[in-house]
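Read through the structure below, which is laid out as structure tokens, and then see the notes.
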Amino acid sequence: MSIEIVKVTPKVTFGEGPFWDDETKSLYFVDVLGQSVSKYTPATESYSKARIPAGSDDTTVSCVLPVEGVSDEFLVTIGNELVRIRWDGKTDVVEIIETVAVVPKPELNCRFNDAKADSYGQIWIGYFATDTSKERVVVLDKAGGLISIQRNKSIKQHFEGISLANGLDWNKNQDKLYFTDSTPGEVLQFDCNLNTHEISNKQVLFRFSDLGLAGMPDGMVIDENDNLWIANFGGGQIINVDTRKPNTIIRTIDLPVKETTSVAFGGPSLDELYVTTGSMLPIDGNSSPEDGYVYKISGLGVRGFAGKKVKL
């Protein structure tokens, strides 16, 4: 079977955080700078979008995670806040219900970024800090980290010293956590015990500079073979990485856009890879009319997993 790449949604400014909801057979994703959440249903080719009300000075929205057992409720980020919203997936009306968590570094200009729920429904979310005093926003070196939010809404800090916290996922057994630090171009690996909510034994699984890769790792997802699919932001490709052998590329998929931001498996058989992209930062001074769409890649010959919902 040959690989096919098609655009499936309208253009956004900076698409991120794709989540496949296997219950509704729909893809949710956000527009970070457009401050919105979108829903795309392949069976009907329907698309809807709603703007998230501003909750802070920083109005970036980086993730959307459905809440389990409750219709039309989601967790999304607004800058340094993680909030619970109500949205019917059809209209442009969004109601903010409550603030669930705030970045645990009030002295810095921090914001949340990528997030996922584990098999217990507990959310894990990275954050990073920026310096906005200059003409362009600069990510502060080693000022970010990773936290998780437990069922009682208490926050657990797992580690700090991350520069640009990004994609994360677990292996099938949920005893390995993979986590992206984009600025140094690294995908980290940890031993993970979800029963005790602990991670340990930090190692570098994949480093862009070791292989001379342009761009940086962004969002990622794992497949049924426990291999990662990583969006190469600035490199215009998706990289399939072997988790058993450090710095080992299985294959790459090139896309007609440089700003590949994140990935999620979806479709009726969970064998289609959805890719969010951005249209904000022309790479090397060049932009493309193909920027900013969600792409569907089929014919990969591998399945993934549906997104896990948050339990509150």
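So the values come out like this:
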read-out: Enumeration of residues in the stretch 37-59 that are in contact with a Lys or Arg (Cβ under 9 Å, 6 or more places away or on another chain) and surrounded by 21 or more Cβ atoms within 10 Å (Cβ to Cβ); value: VAL37, SER38, LYS39
read-out: Residue in the stretch 163-178 that is buried (at least 21 other Cβ atoms within 10 Å of the Cβ), closer than 21 Å to PHE265 by Cα, touching a Gly at 6+ places or on another chain (Cβ under 9 Å) and polar (S, T, N, Q) present; value: yes
read-out: Pick from the stretch 130-145, criterion surrounded by fewer than 24 Cβ atoms within 10 Å (Cβ to Cβ) and part of a strand (DSSP E or B), ranking: farthest from the chain's Cα centre (by Cα); value: ASP131
read-out: Filtered residue count, the stretch 88-121, keeping only those that are surrounded by 19 or more Cβ atoms within 10 Å (Cβ to Cβ), of a type in the set (S, T, N, Q) and modelled with pLDDT of 95 or more; value: 1
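The values are calculated or read from the model by the stated rules, or taken from the named source; none is laboratory data. As the structure is a prediction and not an experimental result, all values here were calculated from the model. Here Cβ is always computed from backbone atoms with ideal geometry, including for glycine, and neighbour counts include all displayed protein chains.
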